[in-house]
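Taking it in order: structure first as C-alpha cells, then the write-up.
Just so you know, all these numbers are worked out from the coordinates, no wet-lab data involved. What you see is a predicted model; the values in this text were computed from it and never measured. Glycine gets a Cβ as well: all are built from the backbone with ideal geometry, and neighbour counts include every protein chain shown.
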There are 2 protein chains.
Amino acid sequence: MLKDWVKTKRPEDEEINERLAKSRAQLTGMQMAIKEKKLPVLVIFDGWGAAGKGSVLGKVIKNLDPRFYKTESLSKPSEDEMRRPFLYRYFIRIPEAGKFSFFDESWMGEVTSDYLHGNINQEDYHRRLTSIKRFERTLTDNGYLVVKFFFHISESEQKKRIKELEDEKSTAWRVKKWDHWQNDHYDKCMDVYDEYLDATNQFVAPWYFIDAKNRKWAQLQVTEILVKSIEIALQNTGRAAAILQNTFPLKQMPRLSEIDLNKNIERSEYDKQLKELQDKLSDLHNRIYQKQIPVVITYEGWDAAGKGGNIKRLTAALDPRGFEVQPIASPEPREKNRHYLWRFWNRLPKDGHITIFDRTWYGRVMVERLEGFCSENDWQRAYNEINEFEKELCDHGAVLVKFWVHIDKDTQLARFTDRQNTPEKQWKITDEDWRNREKWDDYETAIDEMIQKTSTEFAPWHILESNDKCYARIKALKTVIEEIEKKL
Amino acid sequence: MLKDWVKTKRPEDEEINERLAKSRAQLTGMQMAIKEKKLPVLVIFDGWGAAGKGSVLGKVIKNLDPRFYKTESLSKPSEDEMRRPFLYRYFIRIPEAGKFSFFDESWMGEVTSDYLHGNINQEDYHRRLTSIKRFERTLTDNGYLVVKFFFHISESEQKKRIKELEDEKSTAWRVKKWDHWQNDHYDKCMDVYDEYLDATNQFVAPWYFIDAKNRKWAQLQVTEILVKSIEIALQNTGRAAAILQNTFPLKQMPRLSEIDLNKNIERSEYDKQLKELQDKLSDLHNRIYQKQIPVVITYEGWDAAGKGGNIKRLTAALDPRGFEVQPIASPEPREKNRHYLWRFWNRLPKDGHITIFDRTWYGRVMVERLEGFCSENDWQRAYNEINEFEKELCDHGAVLVKFWVHIDKDTQLARFTDRQNTPEKQWKITDEDWRNREKWDDYETAIDEMIQKTSTEFAPWHILESNDKCYARIKALKTVIEEIEKKL
C-alpha cells in the first residue's frame, strides 16, 4: 500500500504559502465548533525516523489555543507502562470531548519496532494488529475522530537527514540508534510498514500518507487533511454504528431466576474455612507479586447484597502495599467527557498488584441502559466492547475474576428495613436504593442479558449466592484462590 | 476468522418460535420506515453449498410486501455478463432507495470459486478483493445498508445434506457438481473462505456468520440481525463519510486558461485527413470486435463546443451493429433512487463493442456540484469513486478515452447568437444554456479541479481545442485510433 503510493506533485512555494494561510485559519476557526459539538479529535503522527514528524506537529499546533489540545510524545513505553496491557498508555491519553490530542508516534511505532527487533513473534504481532483495529474502531464508534498520518521519505533522504542532524551540535541528540537501524534496514522496515498500514487502513480511520521531503509542503498536507476530516465529523450527527457479532467463546450460564439461593454454611465451619482460605490467599499474594501477575477482581450485585462485607474478607488477607479497592460511583465530568472505558483503563493494576472494583464497567449495560444515560446503540455495542476490553486484560496475562453478588427480593427488603431501623446503619440506605428496588424486574432482564453475553471462556461471571453472606464470602475466597492458582 | 468462530448455543424450539414471531413482525413493520427514509437495503446470502441459503431466504421474504423487495439468484455469471467487468452484474442489481434486494450468493461465491478452480491466479484474486472492498464501501458511503450473511455447516453435515437432496427425486436437480467438489475439498475451501471473510470484514459492512445446521434457527439468526441492522441504519442520519486520499498515479494536466485555442486546420487538409482517419478507425472497429476489446469514449464540454458534430465524425466510421451513442440527460426517478454510477454501469458496452457517452458520470462533480443536487461530501468523495470506477473498466481490458471539448467564452457567445438567429438551429439553444453561461467561472473552477483529480495514468483527460471544430474532430479521431492501437 505504501509501496505503490503515488505522491501528488508538490505545488509552487507561492501556492503552498497561500493555501497554508487559509487552512491554518480554518483550523483555528474550528476550535469553537469542536468544543460546542463536543467532538474529541485524536491526531497521530507516524512515519520514518527523521521524517520531520515532530517539527511539523510543532507548526500545526502553533495557532491553536493551548486549552484545546494536548501533545504526547510516545516513542517508547516507560518502565511503568511496560507493566500494563499494551494499549494502556494510549487509552489513557485519548482526548477529552471537544479537544485535540496530538500523538508524536503511536501504537504503530511500538508494535512494528517490537516485531522488527524480534521482541514479539508473528503470532503476537498479528494479535496486536487485531487489538489495534478494535481499539481504533471502538474510538470511532464512540464518536471520536481519529486522523492517522504516516510521514514518508526515501531511504536516501532519510540518510541525508540523519547526517545533517548529527553534523549539527544542537540537533545531534535527536538522532537515535533506532533511526540508524531503520535506515540500514530500510527495505525490511518498508515490508513491515506496508503490511501494517494495509491491515489497519480501516474506513472508519483511514491512513493518510504525507510526502515529507519538504517540511512546509508536509505541513500543508497535514493541515488540509485535518481541516477536511473535522468538517466531516462536525456534519456527521448520526453516529450509531453496527453491532458486531460476538466472536468469543461463551460459557453457558444460568438465568438469575434459576439460581438456588438456599445455600448456606454453619458458623463454626465458616470461621474455620475463613481463616484457612485467608492464609492461603495471603501466601498467593506474595507469589503473584514475585511472578508479576496482575489480578483484577470485580464486584457487581444487588443493593444490600453484601458486596462490602465480602470485599473486606478478601482484603483482610492482603498486604496493603499490594492492592487497591476502587469504588466506582457516577462518572465525574472529566470521565463523562471520555470513552466510558477510559476511567477503568486508568485504574488497572500494575503487574504483580491486585485491584478490586466495587462496581465496574458493567454500569454501561445496567444503570446507563436503564436510566437512558447512553443510547440504545451505545449499550448494545458495549457487550462486545467489554469482551474485547477483558480479552486485552487476559492476553496481557491478568487474572480476572468477575462476581455477581446475588440475593432475592425478600432478602433485600429485610436488609433495607433493618438498615432503616438501625441508627448506625442508616447511612447505608438512601432513597435511590428504594427507587432502584422498584425497577427490580427491568434490572433482572438487563443482568440476565449481561451475564449471557459477557461470560466468555476467558472471563466468565461467578455468581455468589449471598442470602447467606458467609456462604458468599467463602465462595468468593475459594474462587479467587482457584483462579490465581490456574495462572501460577 | 470463520475457523475460530464460536457458535451461540441454539435456544429451545419454543424460544425460537417466540422470537421468530416477534422479529418477523418487526421486519414487516419496518417496511414503511425504510420507504419513508429512502433507505436501500442489500442483503446477501453466502455460504457453503447445501447450507440452506435459498430456503431460509424464502422464509425471510415470505412476510414482506413484494413491492418492496427483489431477489436475485447469482450463482454463475451468464455468457452476457462474462463479457463485462466483473462487478457489473452486481452493480446493476443494487436495490432502489427504500427497497430491499436479496442476493442468493454474491461476488464472494464467484471470486472464491474462480480462485479455487484456478480460473484466476493469486494476483487477480487479490485485485478482485480490493475491488470488492471498494464496491462495498462506495455503497455504504452512499447511504446503502449492506448486510452480509455466511451460512456455515460442517463437512459431515454438508455431505449428509447433499445425499438427502440426491436421494429425493424432487430435489436431486438442486445438487450441483460444484457442491460435490466443495465437499471433497472442504478444508481447501475453508482456507480460502477464511481468508476472504477476513479480508472483506469491513466495519462499514461486517460479516455475520449463521449457524445453518437447523433451518429455523438459521432463519431466526438472519431475521434478528437484519432487524437490528435496519434499526441502526434508520437512526443514522448523518451519512457523511471520509474523503479517501487518492492512491492512483495522476498525470500532470494544464488548467483550462492555459490551453491554446488558436489551433486550426486548413479545409482541404481536413477533408483529406478525415477520410484517412475514418477508414483507419473503420478497420480498427473490426479488429477490436475480433479481439473482443470493449471501448468507452466519453464527451464532456462547454455548451455549443461542438460535441455533437465531433461524435458524428466518429460514428460515421463505425459499423452500426457495433456501437451505441448514449446521450445523458438528467437522471430519471429510478436512476435518482440509486447510486449515481448505477446508470453508467447499466450502459457499459459488451466486449468488442463501442459506447460513446454524450455527457457522463462527471456530471456529479460539475452540474450536481454547482446546482447543489448532491451534498459537498458527495461530490468531494466522487473523484475517488470515479477513479475507482474507471480503474475497474481499465482492469477489465477496456479502452477508455475521455474528451473535454473546449472553447472560449467569446466563441460560445458567437455560436449561441448564431443559433438564436438561424431558424433551423433554434432548437439547439435554450434558456438553460444562457443560465449556464452566466456561471462560466464557477464551472471553470469545477472543471479544472475535475481534470486535475481524475486524469489518472490509466484514464487521462484529452482536451479537444474546438474553437476550430475541424481541428477538434481530427484530434478526436487521432486520439481514439492511438488509444485503440495501444491495446491491440
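Assume the label is 7 Å from Cα along Cα to beta carbon: what separations in nm does residue B:172 have to the matching positions in the other copies?
Going from nearest to farthest copy, the values are 8.8 nm.
Can you give the net charge of the other residues whose Cβ lies under 11 Å from the Cβ of residue A:294, counting K and R as +1 and D and E as -1?
+4
Order of B:430-439, A:290-299 by packing, highest average Cβ count within 10 Å first?
Descending packing order for the listed peptides: A:290-299, B:430-439.
Inter-copy label distances at residue B:432, 7 Å along the Cα→beta-carbon direction, one decimal in nm, shortest first?
For residue B:432, the inter-copy label distances come out at 6.4 nm.
Would you give the gap between the C-alpha center of the range A:296-361 and the C-alpha center of the range B:258-320, rounded to a whole Å?
A separation of 77 Å, based on Cα centres.
For chain A, give the magnitude of the charge dipole about the Cα centre (Cβ charges: +1 Lys/Arg, -1 Asp/Glu; no others), in debye to the nearest 20.
My answer is approximately 1060 debye.
Work from the charge dipole of the range B:204-332 (Cβ charges, +1 for Lys and Arg, -1 for Asp and Glu, about the Cα centre) and give the residue of B:229, B:248, B:304 farthest towards its positive end.
B:229
Per residue of B:198-210, what is the mean number of Cβ atoms on other protein chains within 10 angstrom of that residue's Cβ?
That average works out to 3.
Just check the range A:13-235 against the gyration tensor rule for me: Cα atoms, a ≥ b ≥ c as the square roots of the eigenvalues, rounded for a/c under 1.5, and otherwise prolate or oblate depending on whether a/b exceeds b/c.
Oblate, since a/c reaches 1.5 and b/c is not below a/b.
Tell me whether the range B:256-487 comes out rounded, prolate or oblate; compute the Cα gyration tensor, take square roots of the eigenvalues as a ≥ b ≥ c, and use a/c under 1.5 as the rounded threshold.
In terms of gyration-tensor shape, oblate.
Using the Karplus curve 6.51 cos²θ - 1.76 cosθ + 1.60 with θ = phi - 60°, what ³J(HN,Hα) values do you get for each residue of the range B:248-254, in whole Hz, with x for Gly and Pro?
Those phi angles translate into 9, x, 10, 8, 5, 10, x Hz.
If r is the Cβ-Cβ distance from residue B:255 to residue A:26 and R0 is 25 Å, what FRET efficiency results, to the nearest 0.05?
Given R0 = 25 Å and the Cβ-Cβ separation, E is 0.60.
For the range A:264-330, what class follows from the C-alpha gyration tensor (a ≥ b ≥ c being the square roots of its eigenvalues): rounded when a/c is under 1.5, otherwise prolate if a/b is larger than b/c, else oblate?
oblate
Quick check for you: which residues of the range A:436-472 have the amide N under 20 Å from the point 7 Å beyond the Cα of residue A:414 toward its beta carbon?
Under cut-off, by backbone N: A:437-438, A:440, A:464-472.
For residue B:291, go through the lysines and keep the ones whose alpha-carbon is under 26 Å away, minus same-chain ones fewer than eight residues off.
Hits, sequence-local ones excluded: B:76, B:275, B:280, B:312, B:350, B:391, B:402, B:475, B:478, B:486, B:487.
Any lysines with Cα under 16 Å of the residue A:188 Cα? List them, leaving off those in the same chain fewer than 8 positions away.
A:3, A:159
If the cut-off is a Cα-Cα distance under 26 Å, which lysines reach residue A:38, setting aside same-chain residues fewer than 8 apart in sequence?
Residue A:38 reaches A:22, A:59, A:62, A:70, A:99, A:133, A:148, A:228, A:336.
So what is the relative contact order of chain B, in percent, for Cα pairs below 8 Å that sit 6 or more residues apart?
Relative contact order of chain B: 19 percent.
7 Å along Cα→Cβ for the label point: how many nanometres lie between residue A:93 and each equivalent label in the other copies, listed shortest first?
Here residue A:93 shows inter-copy label distances of 4.9 nm.
Taking the dipole about the Cα centre of the range A:400-488, with the C-beta of Lys and Arg at +1 and of Asp and Glu at -1, give me whichever of A:450, A:481, A:460 is farthest to the positive side.
Comparing the listed Cα positions along the dipole, A:481 ranks first.
Can you give me the long-range amide H partners of residue B:210? Hydrogens built in the peptide plane at 1.01 Å from N, cutoff under 5 Å, separation of 5 or more residues or another chain.
Residues meeting the amide H criterion: B:150, B:151, B:152.
Lys/Arg Cβ at +1, Asp/Glu Cβ at -1, dipole of the range A:256-487 taken about the Cα centre: which of A:362, A:274, A:317 is farthest positive-ward?
A:317
For residue B:192 and residue A:235, what does the FRET efficiency come to when R0 = 51 Å and r is the distance between their Cβ atoms, rounded to the nearest 0.05?
About 0.80, to the nearest 0.05.
Quick check: the distance between the Cα centres of the range A:9-45 and the range B:390-448, to the nearest angstrom?
A separation of 35 Å, based on Cα centres.
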